[in-house]
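Have a look at the structure below before the remarks.
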Amino acid sequence: MKGLVPQRKKNKYNQVFKKSWTEEEQFKKWIKQEKDEYFAMCRVCNKDISTKNTGRLALVRHQDSAMHTKLCKSQKKQGT
């Protein structure tokens, strides 16, 4: 077919964990770096969060998840 231009592949970049995320107000109480440069650890849920594909967005999504919200509320009730 004439006139078709092949599309270029997008380069895929891996997002590494940034230390600055541990200082952000919304994350600093529950996040720490875990395993390697592509993972964060939630101290509340005790879960590994991969930041490799979506970076900071993965942390925001986890923070908004039902399980994380529920566990945060129960910790506040216990006073810890």
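One table, with the values for the structure above:
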read-out	value
Residue match in segment 29-36 (condition: over 13 Å from the mean Cα position of the chain (by Cα) and modelled with pLDDT of 95 or more)	no
Failed condition for GLN26, given (1) farther than 17 Å from LEU71 by Cα; (2) assigned to a loop (DSSP other than H, G, I, E, B)	(1)
Counted residues, segment 30-80 - those being in a helix (DSSP H, G or I) and among the hydrophobic types (A, V, I, L, M, F, W, C)	8
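The values are calculated or read from the model by the stated rules, or taken from the named source; none is laboratory data. Keep in mind that this is a model prediction, so the values were computed, not measured.
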